[in-house]
Amino acid sequence: MVRLRPVDAQRDAELFERLLEPDVAGPFNHFDSTSGAPLRVALPGAGRVVIELEDGTAIGDLTWFGNPYGPTRPSLAWRIGITILPEHRGRGHGAAAQRMLAERLIATTPSNRVEADTSVDNIAEQRALEKAGFVREGVLRGAQMRNGIWGDQILYAITAADLGI
C-alpha cells in the first residue's frame, strides 16, 4: 500500500514546503510564532523518510529522533512523528507507514522501543497508532506548546516484543 524511501532534497522540496503550510499541517502539526523558535539542535540519530504510494506519489513524511532513557545505546527509544497530505488521510497510510518505520528502527538498531505522542484532541492519530500496534501508555501533561498554549499529549509505544522481533 505504501513504502518508505530516503529523502531526495531536490525531488521532495515541494512536498516539504506543502507539509509546512498551516492548512496542510493542520491543527496538530502547525506551530505558530507564539510557540517559540523551532528546535535547531541536533537530536541523537534524527532522520526523515518520505511516505509514498506504490505508484511513486509522495503523500507525506515520517521523522524520528533518539529519546534517551539511560546512558547506554540500547536505552535509546526512537520518537517518531508523521504528516500526511490531507487528500491521503483516513485511508490507513499513516498506520502502515508508522508500523513499517517502527519495525525498521527496532530491527536495525539496538533499541527496543519506538514512541509516538499526539495531542489529546487528535483522535485520528490515536486510532492510527493503535491500528499500527502502538500501545497507549499515558498522558504527558503540559508537554507541548502550540499557539501559545501548553497542551497535553498522549504517549504511545511499541516494543520489539510487540513486533515479535
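Bear in mind that the values in this text are calculations on the coordinates, not laboratory data. Everything quoted here is computed from the prediction, not taken from an experiment.
Remarks
- The amide H of residue 7, built 1.01 Å from its N in the peptide plane, has 50 as neighbours under 5 Å, considering only residues 5 or more places off or on other chains.
- Convex hull of alpha carbon positions in the stretch 2-163: directionally averaged projected area 9.6 nm².
- The sum of -39500 (n - 2.57) across all DSSP H runs of n ≥ 4, divided by the residue count of the chain, sets its helix-only mean residue ellipticity at 222 nm to -8500 deg cm²/dmol.
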